[in-house]
Each structure stands twice: as structure tokens, then as C-alpha cells.
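This report refers to the structure that appears directly beneath it.
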Amino acid sequence: MLHHLSFAVADLARAAAFYDAVLAALGYRRVWTSDTAVGYGIEDGNDRFAIKQRGAVSPPASGFHLAFAAPSRAAVDRFHAAALAHGGRDQGAPGRRPHYGPDYYAAFVLDPDGYWIEAVINTA
């Protein structure tokens, strides 16, 4: 359904360092870079997520979050550790979330601009 999603960021270098680390933990990478934006995905030139330099940033209110697919529980753990090491704030340590399903394993963080993001795997 979704082609891609973009977040506005206050400091592109800071946000890129954060997303380079947390998305690498999940197997994603930069697929393009410009002076004002960075795109992430798997294939060169084909982003699924981008960050774009903007003057003022207003993350969406409570209720919005972006969940990145993780290839394993270990990747969720690495995502969380990388986020905290690069300026993210803990919103839920890696672990099972049985209220979402028996195999739901996730971690939640706020990125440096205040966006609520998650890494999740929902398989045994």
C-alpha cells in the first residue's frame, strides 16, 4: 500500500547518523543522498523511508508511530541498542508483546527529533 514515507528533521547530519545506525541493524541502508535529504531502503535509488532537512520539526501527536520490519529478534535488539547509542530515547525495551500476538517481538524508541519508531518481527 505505501510507496515511501518521509520525516522532516531539524539536523540532517544528526538524523542521518541515527538512521544509518538503526536501519543498518535491520538490514537497510542509504540508497541515495542529497544536500537536503537521505533515502533508505535495499536497492540503490529506491527508497522506502527518507529524512528531509526542514527548519522546524513537529512530530505527529501521540498515536502515530512507524514500525520497521526486522529480520530477527536479534536485529530488534541491535536496533534498540543502536538507537540509544545515537541519541534515541527508550520507549520500550526489546521484548515480547503478547497483547499484540504470541510471536510479536518489538522495541520502541523516540528518534532525536521526537518521532516514535519501532522495530518488530512477528514470527516464531
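The values are calculated or read from the model by the stated rules, or taken from the named source; none is laboratory data. These numbers were taken from a predicted model, which means no experiment stands behind them. Every residue, glycine among them, receives a Cβ derived from its backbone with ideal geometry; neighbour counts consider all protein chains shown.
Does Ala119 qualify as being at pLDDT 95 or above and more than 20 Å from Gly63 (Cα to Cα)? Walk me through how you get there before you give the answer.
Working: at pLDDT 95 or above: yes; more than 20 Å from Gly63 (Cα to Cα): no.
No, not satisfied.
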- Message: Can you confirm whether Val31 is closer than 17 Å to Leu66 by Cα and among the β-branched types (Val, Ile, Thr)?
- Response: no
- Tally, over region 16-34, of residues that are touching a Pro at 6+ places or on another chain (Cβ under 6 Å) and small (Gly, Ala, Ser): 1
- Query: Taking the condition among the basic types (Lys, Arg), touching a residue at least 24 places away in the same chain (Cβ under 8 Å) and closer than 20 Å to Asn122 by Cα, does Arg78 pass?
  - Reply: yes
